[in-house]
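The values are calculated or read from the model by the stated rules, or taken from the named source; none is laboratory data. Note that the structure is a prediction, hence the values are computed from the model and not measured. All Cβ positions, even for glycine, are placed from backbone atoms using ideal geometry, and neighbour counts span all protein chains on display.
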Amino acid sequence: MNNGSNKCSICGSKSRRLCLATDKMICTSCCGLKRGTQITCSSECRYYPFSINGYDLWLRIDDILANKMLDYVVANYGKDEFKTIIEDMDFDTENAEEMDATAIGSAVYYALFIKRNSDNKTLVEKWKAEGWPGLNNDECKMMECRINNSYATIIEIQRVLDHQAMECIDLFDEERGKFILLDRSTASRTTIRFTRLLTWLVHYPHFSRMAINEVSLKRKGLTIKEYLSENFGSFYKSVFELAHEKQLAMLNNMDMHQCKAFYEIDATKFDEVKAILDKYPDFEVREKHHDEMEFPGTYYYSWLRRGESKELEKEMLPAFQHKDESEGVGTIGNVSLYPRELVIETFSKQKYAFTKKMVDKYFGGLVTLKNEEVIDMAKQMAARIKEGRGGKRPSVKEAEEVPLEIEQTVMKNFYKKQYEKFLDEEIPALDGVTPRQAAEDPRMRPKLLDLMKEHLKGIERHNRNRNLGLDITWVLDELKLPELK
């Protein structure tokens, strides 16, 4: 490694940055002027906006470029004609802001890449011929990618890899195979496997992006919700009986404490705290729970046993450990980020002690512990069970307070029994044959694939909403569907 000098190997100015591509020192200016064009950058370089490690830099560049693209379109077409193009972009959605953003984004891409003048040239070809006036090196590279590798299509999400990356396929470009799509909002808990999205797709050197807001495409067919509806009686009975038995068996030895820690945040440190929550895989954005305080500017996260927080599982019983994420991701607790306060909530003292240690590690001097609350839920539950034996029917509120580990065990047992029956049941969506029979008939394979994709979507939705850790990989093995694993 040639790092004996602190001078840029290109211009000679002071430099503290080592170029991974050339193995020489390079200054910020030369890096920005040459990366991706005159220098073939490493896919591992965090200063290269078209690498996964440089994704945050890519987002900043894209935000600036989006405004420049809009300005260039308006300057060439005029406000009135561009407004007409926007009005022609008819998107049916209940969210007015989403509709406006999608319509404007689509109008910009149509005006630049699709619409042609009397010489049969697009506006982006004109911009390129002029030498990309107003754009820097990174923005020029981004536009070149969009000229050569962008188009409207339908993609299908094969797997959500982490908080920002998804493995996808293009339904209109089978030869490309699977590719990595980066989008933090789409990779959130609301997105599940085999979701299909209509979007404008752009391929960059090491990842792909959706250029405008996506539109979700729903497919008809038997869903797991419908299947459970047909078996609701046995489902309800199994859940109630198993949950009751588990509660009685485990109550005496279970660490069931609702623990809350309230940390004060200096007003100037809010962005730093949020950046940490958004950065680490331990934290995943979630919806506000119905019993949580409504407050403007609040962000809600689940604290998962992922990243460095996976360490907690070494202290847990084997039944609650996961070798990897294919077996599920366990939970630690909830995080609520208010403008001046960070609230951590767990449901065991073991998890609470761990979070206090990790808060010190992740947030350091950014937060200050101000208050704590610990409630013994085991005593409360024992009282409710005793009342239930006397004839009192458990309320909906009480049912919601069953510990997650119990709910996971109950639901896994239920799903195993239901899918053992499902394999040999005649299914209308399979023209009246059983899944096993469909698996042996090449003509039925496409329908079986579509059916099981819907089941997997339902399973993943339950896992994301309730962290149940359900897994039907064994069903896919029975049906010889390795492509869905």
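Among the residues of segment 183-200, is there at least one that is over 22 Å from residue 450 (Cβ atoms), at pLDDT 85 or above and assigned to a strand (DSSP E or B)?
Within segment 183-200 (the criterion being over 22 Å from residue 450 (Cβ atoms), at pLDDT 85 or above and assigned to a strand (DSSP E or B)), the answer is no, since none of the residues qualifies.
Here's the yes/no breakdown for (1) small (Gly, Ala, Ser); (2) farther than 30 Å from residue 29 by Cβ; (3) touching a residue at least 24 places away in the same chain (Cβ under 8 Å):
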| residue | (1), (2), (3) |
| --- | --- |
| 130 | no, no, no |
| 159 | no, yes, yes |
| 177 | yes, yes, no |
| 200 | no, yes, yes |
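I'd like the residue in segment 44-79 that is of a type in the set (Val, Ile, Thr) and farther than 23 Å from residue 33 by Cβ and, out of all such residues, is surrounded by the most Cβ atoms within 10 Å (Cβ to Cβ).
First pass over segment 44-79, keeping only residues of a type in the set (Val, Ile, Thr): 52, 61, 64, 73-74.
Okay, now just the ones that are also farther than 23 Å from residue 33 by Cβ, so 73-74.
Numbers: 73: 23, 74: 15.
Per the stated criteria, the residue is 73.
Residues in segment 158-179: is at least one of a type in the set (Asp, Glu) and modelled with pLDDT of 90 or more? Step through it out loud before you land on a result.
Applying the first criterion (of a type in the set (Asp, Glu)) to segment 158-179 yields 162, 167, 170, 173-175.
Within this subset, residues satisfying the condition of being modelled with pLDDT of 90 or more are 167.
Within segment 158-179, one or more residues are of a type in the set (Asp, Glu) and modelled with pLDDT of 90 or more.
Spot the failing condition for residue 124; the list is (1) modelled with pLDDT of 90 or more; (2) touching an Asp or Glu at 6+ places or on another chain (Cβ under 8 Å); (3) over 18 Å from residue 54 (Cα atoms); (4) of a type in the set (A, V, I, L, M, F, W, C), and only one is missed.
(2)
Suppose we filter 260, 274, 269 for residues that are surrounded by 13 or more Cβ atoms within 10 Å (Cβ to Cβ) and in a strand (DSSP E or B); which single one remains? Talk me through it step by step, then tell me what you get.
Working: 274 fails: in a strand (DSSP E or B); 269 fails: in a strand (DSSP E or B).
Going through 260, 274, 269 in turn, just one is surrounded by 13 or more Cβ atoms within 10 Å (Cβ to Cβ) and in a strand (DSSP E or B): 260.
Mind listing just one residue for me: the one in segment 448-469 that is hydrophobic (A, V, I, L, M, F, W, C) and modelled with pLDDT of 85 or more and, of those, surrounded by the fewest Cβ atoms within 10 Å (Cβ to Cβ)?
So in segment 448-469, the residues hydrophobic (A, V, I, L, M, F, W, C) come out as 448-449, 451-452, 456, 459, 468.
Cutting the leftovers down to modelled with pLDDT of 85 or more gives us 448-449, 451-452, 456.
On the way: 448: 23, 449: 16, 451: 20, 452: 20, 456: 21.
Only one residue tops the list, namely 449.
Within segment 399-406, is even one residue surrounded by fewer than 14 Cβ atoms within 10 Å (Cβ to Cβ) and modelled with pLDDT under 65?
Applying the first criterion (surrounded by fewer than 14 Cβ atoms within 10 Å (Cβ to Cβ)) to segment 399-406 yields 399-400.
Next cut, modelled with pLDDT under 65 only: 399-400.
Looking through segment 399-406, at least one residue is surrounded by fewer than 14 Cβ atoms within 10 Å (Cβ to Cβ) and modelled with pLDDT under 65.
Surrounded by fewer than 15 Cβ atoms within 10 Å (Cβ to Cβ) and within 24 Å of residue 51 (Cα to Cα): is that true of residue 146 in this structure?
Working: surrounded by fewer than 15 Cβ atoms within 10 Å (Cβ to Cβ): no; within 24 Å of residue 51 (Cα to Cα): yes.
No: the conditions fail for residue 146.
If the Cβ limit is 6 Å and pairs must be 6+ apart or interchain, which residue in segment 349-371 that is closer than 15 Å to residue 274 by Cβ and modelled with pLDDT under 95 pairs with which residue that is in a strand (DSSP E or B) and not hydrophobic (A, V, I, L, M, F, W, C)?
367/263
Please verify whether segment 224-245 includes one or more residues that are among the acidic types (Asp, Glu), surrounded by 17 or more Cβ atoms within 10 Å (Cβ to Cβ) and at pLDDT 50 or above. I'd like the intermediate steps shown before the answer.
As a first pass, look at segment 224-245 and keep what is among the acidic types (Asp, Glu): 226, 230, 241, 245.
If we keep only those that are surrounded by 17 or more Cβ atoms within 10 Å (Cβ to Cβ) too, we end up with none.
There is no residue in segment 224-245 that is among the acidic types (Asp, Glu), surrounded by 17 or more Cβ atoms within 10 Å (Cβ to Cβ) and at pLDDT 50 or above.
Filter segment 313-331 for residues that are charged (D, E, K, R) and in a helix (DSSP H, G or I); which is modelled with the lowest pLDDT?
If we filter segment 313-331 for residues that are charged (D, E, K, R), which is where we start, we get 313-315, 323-325, 327.
Next, from what is left, pick out any that are in a helix (DSSP H, G or I): 313-315, 325, 327.
Numbers: 313: 84, 314: 81, 315: 79, 325: 72, 327: 66.
The extreme case among them is 327.
If residue 151 satisfies every condition in (1) closer than 30 Å to residue 304 by Cα; (2) at pLDDT below 85 but one, which is the exception?
Condition (1) is where residue 151 drops out.
Given the conditions (1) in a helix (DSSP H, G or I); (2) in contact with a helix residue (DSSP H, G or I) (Cβ under 9 Å, 6 or more places away or on another chain), report the number of the one that residue 48 does not fulfil.
Looking at each condition in turn, residue 48 falls short on (1).
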